[in-house]
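Notes follow once the structure below has been shown.
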Amino acid sequence: MSARPITILGATGSIGRSTLDLVGRNPDKYRCVALTANSNVVELAEAARKFRPEVAVVADASAYSALKEALAGTGIEVAAGAEAVVDAAERPADWVMSAIVGAAGLQPTLKAAQRGATVALANKESLVCAGDIVTRAANDSGGRLLPVDSEHNAIHQVFDYERPERVARVILTASGGPFRERSRAEMALVTREQALSHPVWSMGAKISIDSATLMNKGLELIEAHHLFPVSVEQLDVLVHPQSVVHSLVEYVDGSVLAQLGTPDMRTPIAYTLAWPDRIETPSKRLDLAAIGKLTFEAPDPERFPALNLAWSALRAGEGAPAVLNAANEVAVQAFLDGRIGFLDIAAIVADVLDKLGAPKIGSLADVMAIDSEARRTAETAVLARNGAAVAAGKR
Ligand code: NDP
């Protein structure tokens, strides 16, 4: 059997690297068509030299010459710019890993879905911003979205697609992040480094902060609503600090099915690579006797308001999730840059949602316009909070 052509969007990130690790272990099964990054030329060039894609692309146009030089003499095509990333997604790869972080992943993900590829979807932000548009594109083209997020991947594994009406509840588990036991007063003082140190998972910076605020679970609720044929009322969140039970589906007869595993993203990535078959992974095997105890608790919306903001945006529908996502991206970056405090992240998202509400979405252009306006509004809110903190001598 010839090797399956695959593309990795976001090849230099945490998910991209794990994907390449699996590809490297199965050289006869998969071959790379395109690898993309934002600006990390060194790592992209290294991956390209090893995996020999047809094309290597950086979204940051100013990195073009450096990439061209790094791949000189290899015969690998080089391209740069946001459009070039979309073009890479359009190349005829059968399977596309969507692992760009943030709304920047939307257009290339949509392009892959439109041309009927199997899209392994890690980039949850594209479904949050434009879930109806992306899922419709995949349905219309005969493509497929296979969720990479460990929670949605778990649900995909135990969801009875033949009888969705027999599903009572879909329960997303959440580790609770590094501040699960902190008070609001303590969270007001946490540093960037503390927020980035996730107790279980090793991930990129943005999703690590989202996990600390629990916005990640909120984005995942919206993602789940688009991926699975269930209503908002059937979705639930359960905090499970050990991250062994990756999510659960409850059926009308009271049976609850779950998928379990050690916290290693190579397991869900491998599931999407090989689906409906399975391939081996080097992921540590689950030893429940050694773990001994698994615990569960309800999330606390008072200490983690981001979760309720996401619930409200999901219920409001239309452009509210895109507003939530854009405001969150701006606020998370401002926190990472030391411009605002940890609690300001959810507060800014709440401000922007209050101001912009749920604008109507008719097309991708509407989504892009809403995204831009929400970013501008969030940036103004960041400036106001930063200014107030500086004036008070707190920053
Ligand atoms: P990382 O920050 O580790 O990697 C992001 C990747 O996207 C890098 O390759 C980066 O390139 C590229 N990138 C960043 N900005 C742009 C841009 N504007 N245009 C094109 N490419 C860009 O993120 P993760 O791998 O952690 O996460 C990726 C996605 O997967 C996110 O949506 C996240 O929510 C989701 N996810 C991640 C999980 C994890 O365990 N990490 C688990 C579940 C979902 P460069 O290196 O050059 O900056």
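For the chain, the per residue solvent-accessible surface stands at 42 Å², with DNA, RNA and ligands left out and a 1.4 Å probe. With just the Cα atoms defining each centre, how far is segment 180-236 from segment 1-40? Give it in Å. Taking the Cα centre of segment 1-40 as reference, the centre of segment 180-236 is 27 Å away.
For the pair segment 251-311 and segment 325-395, the centres of their Cα atoms are 30 angstrom apart. 3J(HN,Hα) along segment 346-352: 5, 5, 5, 4, 4, 4, 5 Hz, from the Karplus curve 6.51 cos²θ - 1.76 cosθ + 1.60 with θ = phi - 60°, whole Hz, x for Gly and Pro.
For segment 244-340, the Cα-based Rg and Dmax, in that order, read 18.6, 51 Å.
When the Cα gyration tensor is reduced to axis lengths a ≥ b ≥ c, the ratio a/c is 1.5 or higher for segment 281-395, and with a/b not above b/c it is classed as oblate. Which of rounded, prolate or oblate describes the chain when judged by the alpha-carbon gyration tensor and an a/c cut-off of 1.5? Because its axes are fairly even, with a/c under 1.5, the chain counts as rounded. Counting protein heavy atoms only, segment 263-395 has 53 percent of its accessible area on carbon and sulfur, 1.4 angstrom probe. Please report the base-10 log of the normalised intensity I(q)/I(0) for segment 93-179, using a Debye sum with one equal scatterer per alpha carbon and no solvent, at each q in 0.18, 0.24, 0.25, 0.26 (1/Å). With one equal scatterer per Cα and no solvent, log10 I(q)/I(0) is -0.83, -1.20, -1.24, -1.27. Annotation: amide H-H contacts under 5 Å for residue 30 (H modelled 1.01 Å from N, sequence separation of 5 or more, or interchain): 4.
Is segment 67-221 best put as rounded, prolate or oblate by its Cα gyration tensor, with a ≥ b ≥ c the root eigenvalues, rounded for a/c under 1.5, and otherwise prolate when a/b is larger than b/c, oblate when not? In terms of gyration-tensor shape, oblate. Each residue of segment 115-120 is assigned a 3J(HN,Hα), and the resulting list reads 8, x, 6, 7, 9, 7 Hz, derived from the Karplus form 6.51 cos²θ - 1.76 cosθ + 1.60 (θ = phi - 60°), x at Gly and Pro. Under 8 Å for C-alpha pairs, at least 6 residues apart: give me the relative contact order for segment 80-189, rounded to a whole percent. Computed over segment 80-189, the figure is 19 percent. For segment 166-177, the Karplus equation 6.51 cos²θ - 1.76 cosθ + 1.60, evaluated at θ = phi - 60°, returns couplings of 8, 8, 8, 8, 10, 10, 8, 8, 9, 5, x, x Hz by residue, with Gly and Pro reported as x. Two numbers describe the Cα atoms of segment 1-121: Rg and Dmax, which are 12.8, 40 Å. Can you list the lysines whose alpha carbon is less than 18 Å from that of residue 29, not counting same-chain residues fewer than 8 positions off? The qualifying lysines are 50. Stokes-Einstein diffusion for segment 167-265 at 25 °C, viscosity 0.890 mPa s, with a Kirkwood radius from C-alpha pairs, works out to 169 µm²/s. Taking chymotrypsin sites (Phe, Trp or Tyr not before Pro) in DSSP loop states with no more than 14 other Cβ atoms inside 10 Å as exposed sites, the chain has its longest site-free stretch at 1-160.
The values are calculated or read from the model by the stated rules, or taken from the named source; none is laboratory data. Since the structure is predicted, the reported quantities are computational estimates derived from the model, not experimental observations. Backbone-built Cβ (ideal geometry, glycine too); neighbour counts: all protein chains shown. Accessible surface areas use protein heavy atoms only, side chains included; no ligands, DNA or RNA. Shrake-Rupley method; radii C 1.70, N 1.55, O 1.52, S 1.80 Å.
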